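Note sheet for the following structure.
The values are calculated or read from the model by the stated rules, or taken from the named source; none is laboratory data. Note that the structure is a prediction, hence the values are computed from the model and not measured. Here the Cβ is made from the backbone with ideal geometry for all residues, glycine too, and neighbour counts use every protein chain on show. Areas reflect the complete protein model, heavy atoms only, side chains present, ligands, DNA and RNA absent. Shrake-Rupley method; radii C 1.70, N 1.55, O 1.52, S 1.80 Å.
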Amino acid sequence: MPEARVKTIRTRQHAAILFAASIWAAGCAQENPTDVGGSLLPGGVRTYEVILDPTRFLLSDTSFGGYSDPRAATFFVLARAFEGVLNANVIATVTLPSVITVRDSAGNARPDSAPVFFGGRVIVTLDSLAGRGPDNASLRLFRLAEDYDVASTTWALRLDTGNVKLPWSVPGGTAGSPISSATWQPRADSLTFRVDSVTIAAWADTLSPVRGFVIRGETPGLRIRATGVSLVIDARSSIRRDTVFTTTITPPTARFLFDPVPPAAASNIVAAGTPAFRAMLRLKERLDTLALPCLDAAPGCTVRLGDASINSASLLFEPDTGPAGFSAEDSVSVIVRELLVNPAVPLERTPLGAFAATARRAPPPGSSSRVVEIPIGEYIRQFTGGNEQLPPSWLALVGAPEGASFGHVAFKSRPRLRLILSVGTELRLR
């Protein structure tokens, strides 16, 4: 069969187990006292590999996006013309504390409602393995010049209630006067931006309508992933004027804004990322009747999948390039789940069902690995042994968990199916 590649795999231990099971089964059957073991005994087990082209088992595949909200992400992204298209800024509103706790000369903790803030640092903690860009890439910290709605802001809009839309004067967060800059190096674990006393005083002014900052990449080709943004401020206490106290503030309204947004659908296989994608695969409904080639047999010899013993089954995906600017920043965990298709529900809104595979990490772009293998043995075994309740014929490839990565995993359309089958032969005693 030209659509399937067959390879022998020796499994003596598996053969011995099936042989012993057959002996036990023969002993349970009714026999003539003069018979020795009955008329048929297993003569061995042949195990071999079959790799099926997608035309044998797959009807279609497609991908849809929008399954996670960037505002709910547990990370931030900073980018400047990454892969020629992606820009991403971090914005935050700053609220300085009105009271700090200090210890007096006796060592007692006391509230101080009149501290004097005089300097600080914005610290961005980084995922050291998820940054890509040129050495000595530059980033800059600016004062935020326009207020925004944290629940609805986007790259283009600072407010979007549906009925009211207010654009940023400068998309990505309108920047005011520059504060300081920082330099990124590959595998760096943090960035530090110095903040002067004038800026700290402006942020401490409760009458100011805008108190915050924008962080923006300046060097093209840069994309880094941040795990946290915090403001460390220095203050002199009114209780102990000779002592400098340091307070760390994590801005509760920090967000990252990016442009462009990935397309809502893709013709190839795309999964994970932000907003998250799901790839949906439609398999043939009766895989149990699928005729597979025999091993070392006459031309035309086949064995039904439903009659075979399946040791393992897995989908083989070949990596591909995804949307520009959204290549995976690191290896990404993906998993296959059943898709509970209902004719009354649009395919892109179809809920996920049970897990059909264990999670596997897809390698990042540039990896030497050319195939990603995702096991689906438990799912395929439901088509064997005369099972009358066949599983859903739709599967979804999703991130594990969804929204945990910014970049997407992309594969070439139409994966292959790898099967490891065991088939027993029989010897007639004479």
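Can you name every one of the strands (runs of 3 or more DSSP E) wholly within the stretch 228-347 that holds 3 or more residues which are buried (at least 18 other Cβ atoms within 10 Å of the Cβ) and touching a strand residue (DSSP E or B) at 6+ places or on another chain (Cβ under 7 Å)? Full working, then the answer.
Details: elements: 244-249, 255-259, 269-271, 277-283, 291-293, 302-304, 309-317, 332-339.
Correct list: 255-259, 269-271, 277-283, 309-317, 332-339.
So that you can scan it fast, the table gives a plain yes or no per residue for (1) in contact with a helix residue (DSSP H, G or I) (Cβ under 6 Å, 6 or more places away or on another chain); (2) open to solvent by less than 70 Å² (accessible area, probe 1.4 Å); (3) touching a residue at least 12 places away in the same chain (Cβ under 8 Å):
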| position | (1), (2), (3) |
| --- | --- |
| ARG158 | no, yes, yes |
| THR161 | no, no, yes |
| LYS165 | no, no, no |
| THR174 | no, yes, yes |
| THR183 | no, no, yes |
| SER197 | no, yes, yes |
| PRO209 | no, no, yes |
| LEU222 | no, yes, yes |
| ALA226 | no, yes, yes |
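Quick check on the stretch 119-127. Is at least one of its residues under 19 Å from the mean Cα position of the chain (by Cα) and of a type in the set (Asp, Glu)?
Yes: one or more hits.
One line per residue, one yes/no per condition, for (1) at pLDDT 90 or above; (2) part of a loop (DSSP other than H, G, I, E, B); (3) open to solvent by 20 Å² or more (accessible area, probe 1.4 Å):
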| residue | (1), (2), (3) |
| --- | --- |
| ILE380 | yes, no, no |
| ASN387 | no, yes, yes |
| LEU390 | no, yes, yes |
| LEU395 | yes, no, no |
| PHE406 | yes, yes, no |
| SER413 | no, yes, yes |
| LEU417 | yes, no, no |
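Please verify whether ILE215 is within 30 Å of ASP104 (Cβ to Cβ) and open to solvent by less than 40 Å² (accessible area, probe 1.4 Å), treating the condition exactly as stated.
When the stated conditions are applied, ILE215 does not pass them.
Can you pull out the strands (runs of 3 or more DSSP E) entirely within the stretch 1-114 that have at least 3 residues that are modelled with pLDDT of 75 or more?
40-52, 58-65, 76-82, 86-93, 100-103, 109-112
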Problem set entry | Residue among ALA109, ALA73, ALA81, ALA92 that alone is over 16 Å from THR153 (Cβ atoms) and touching a residue at least 60 places away in the same chain (Cβ under 8 Å) | ALA81
For this session: Report yes if some residue within the stretch 126-149 is without any contact (Cβ under 8 Å) to a residue 40 or more places away in the chain, assigned to a loop (DSSP other than H, G, I, E, B) and open to solvent by 40 Å² or more (accessible area, probe 1.4 Å); otherwise report no.
Result: yes
Problem set entry | Candidate set: the stretch 348-357, residues that are within 16 Å of GLN382 (Cα to Cα) and out of contact with any helix residue (DSSP H, G or I) (no Cβ under 6 Å at 6 or more places or on another chain); chosen: the one surrounded by the most Cβ atoms within 10 Å (Cβ to Cβ) | ALA357
